[in-house]
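Report on one structure; see the data block that follows.
What follows is calculated from the coordinates using simple rules that are stated; it is not laboratory data. The model shown is predicted, which means the values in this text are computed figures rather than measured ones. Cβ sites come from the backbone with ideal geometry, for glycine too, and all protein chains shown count toward neighbours.
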């Protein structure tokens, strides 16, 4: 069961709590696949941008996160559900 939905909206990501509980969003890491030149031609390199938030999101609440590059590939969310720390990886 997923706790969050992520939607790419232009220059931001909309992260929405879809669980029935209040969750504390601790950090968000946005991953990008960029094209780089290699000795064999071109390749894809994955880079990430981490943001520390420490924000409580109630059921149905959302937060907008600015992104630095136009095409994010995935998002890693670290959050607390009560006393349990969890991680959720979401492909975009």
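Modelled label positions at residue 27 and residue 90, each set 7 Å beyond Cα in the direction of Cβ, lie 1.9 nm from each other. The tail of the calculated P(r) for the chain, taken as Cα-Cα distances beyond 20 Å, holds 37 percent of the pairs. Could you grab the relative contact order for the chain? Cα pairs under 8 Å, six or more apart, rounded to a whole percent. This gives 35 percent for the chain.
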